[in-house]
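Undergrad: Okay, here's the structure, questions in a sec.
The values are calculated or read from the model by the stated rules, or taken from the named source; none is laboratory data. What you are looking at is a predicted structure, and each value in this text was computed from that prediction instead of being measured. No Cβ is skipped: glycine too gets one built from the backbone with ideal geometry, and neighbour counts run over all protein chains shown.
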């Protein structure tokens, strides 16, 4: 019983999980942002290539 109480009152595990969730969210946001910037950059270079090829 003492062991169960110790686990229930221990907050270190909860803090580690919270940090893990924050890190996962930041990683997801960075990944999506890089993907969007890359897509925009590719579109820009394709537009430039098309305009240069016409001349």
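Undergrad: Pairs under 9 Å by beta carbon, first residue on the phi > 0 side of the Ramachandran plot and surrounded by 10 or more Cβ atoms within 10 Å (Cβ to Cβ) in the stretch 25-38, partner part of a helix (DSSP H, G or I) and modelled with pLDDT under 95, six or more apart or different chains?
TA: From residues that are on the phi > 0 side of the Ramachandran plot and surrounded by 10 or more Cβ atoms within 10 Å (Cβ to Cβ), there are no pairs.
Undergrad: Here's a follow-up. Looking only at the stretch 4-15, decide whether some residue is over 12 Å from the mean Cα position of the chain (by Cα), assigned to a helix (DSSP H, G or I) and surrounded by 10 or more Cβ atoms within 10 Å (Cβ to Cβ).
TA: Within the stretch 4-15, one or more residues are over 12 Å from the mean Cα position of the chain (by Cα), assigned to a helix (DSSP H, G or I) and surrounded by 10 or more Cβ atoms within 10 Å (Cβ to Cβ).
Undergrad: Looking at 53, 24, can you tell me which residue is under 15 Å from the mean Cα position of the chain (by Cα) and either part of a helix (DSSP H, G or I) or modelled with pLDDT of 95 or more (or both)?
TA: On inspection, the qualifying residue turns out to be 24.
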